[in-house]
1. Could you tell me the center-to-center distance, by alpha carbons, between region 261-334 and region 106-179 in angstrom?
2. Starting from the Cα of Lys262, draw a straight line to each of the lysines and keep only those under 19 Å, dropping any in the same chain fewer than 8 residues away.
3. Based on the Cβ-Cβ distance of Leu315 and Arg145, what FRET efficiency does E = 1/(1 + (r/R0)^6) give at R0 = 56 Å, to the nearest 0.05?
4. Just by accessible area at a 1.4 angstrom probe, what is the order of Ile203, Ile286 from largest to smallest?
5. Suppose accessible area is computed on protein heavy atoms with a 1.4 Å probe; arrange Thr304, Thr135, Thr29 from highest to lowest.
6. So in the chain, what percent of DSSP beta bridges are antiparallel if you round to the nearest 5?
7. With the other protein chains left in place, how much accessible area per residue, in square angstrom, belongs to the chain at a 1.4 angstrom probe?
8. So for the chain, averaging the separation of alpha carbon pairs under 8 Å that are six or more residues apart and normalising by length, what relative contact order in percent results?
Amino acid sequence: MNASAPTSAETLRRTLGGLLDGLPPKQATAAVERLIASYRGQTPTDAPVLRDRSDVAAYAAYRMPATFEAVRGALDGLAEAAPDWAPASHVDVGGGTGSATWAVDATWDGPRETTVLDWAEPALALGRELAAASTSEVLRAAAWRRAVIGSGLTLPEADLVTVSYVLGELTAPARTAVVAEAARAGRAVVLIEPGTPEGYLRIREARDQLIEAGLHIAAPCPHDGTCPIEVGQDWCHFSARVSRSSLHRQVKGGSLPYEDEKFSYVAATRFPTEPAASRITRKPQIRKGLVLLELCGPEGSGLTRVNVTKRQGDLYKAARDVDWGQAWPPAPQP
């Protein structure tokens, strides 16, 4: 694990803070609102989504911190399942301005080779600019390449392939093609989507495809079996805390200094890992002398609810400190 993770996050926030210098706040807010509408399909599909650098800068300042934290949360799941492994090479599919690349750099020391692929040259150009402002040699040396993300995509082989917040922008055939190519090219594949019912379904479908391609699930699932969640009744997702910028507060009209980014993910590998015995699938509920944990457990056990009481001593203390998305029970402390 990379001990410089907090520094990397702070550097990203500081670099993003300078993006909007000279751009009138109303213009930045209008750009973000229009881009959000475009990505949600509320504008014609033939309209340009990223018109110019100011569009990209405004959207990056608004979205990169949340994407960074969500991807880092997913990568932490992989890192915990493979504590002695670190990627020497990384390909980020549809990486845009590089949120996932920053998250990989914050998780591991390396990788030595990083390639970001995206169809939008304005996003790639800004990604290069942000990386150049980093203190990380890995980020500064990253390659930023234009590519059509969809059917026909060809990826270089890599230790790690990430695809974050991209599958929802693709047609069903293109999604299948991108996941298949990621599975072929990567020794480890991490896919992240918004933590919505629709995002979860895309991850669930991709999870099945990765298993069929011969990979094994490292996180968040404790097994390679069928997901025990009944479609339409619930969905698997997690949460990452994000510091809110002034632009976030302008656009959303909020006053809190943070927000929670909900995300769904799957991490799969071609090498042995140690998945969690069980995974906490909802925010723990703390009561007087009692902690309620909702868990996804080993194959066949389905979804369970566990009550951890004060009588259980150290386990109860651990339950009071555990977070949504973490493994359970906690690993013994040395």
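1. Value for the Cα centre distance between the two parts: 32 Å.
2. Cross-link targets: Lys252, Lys283.
3. With R0 = 56 Å, the Cβ-Cβ based efficiency is 0.70.
4. So the residues, ranked largest to smallest area, are Ile286, Ile203.
5. So, going from the largest accessible area down, we get Thr135, Thr304, Thr29.
6. Values: 30 of 50 bridges.
For the chain, the DSSP antiparallel bridge percentage is about 60.
7. It amounts to 47 Å² per residue over the chain.
8. 15
The values are calculated or read from the model by the stated rules, or taken from the named source; none is laboratory data. Since we're looking at a predicted model, the values are computed, not measured. Positions of Cβ are generated from backbone atoms using ideal geometry, with glycine treated the same way; all protein chains shown enter the neighbour counts. Remember, those area values only see protein heavy atoms, side chains included, never the ligands or the DNA or RNA. Shrake-Rupley method; radii C 1.70, N 1.55, O 1.52, S 1.80 Å.
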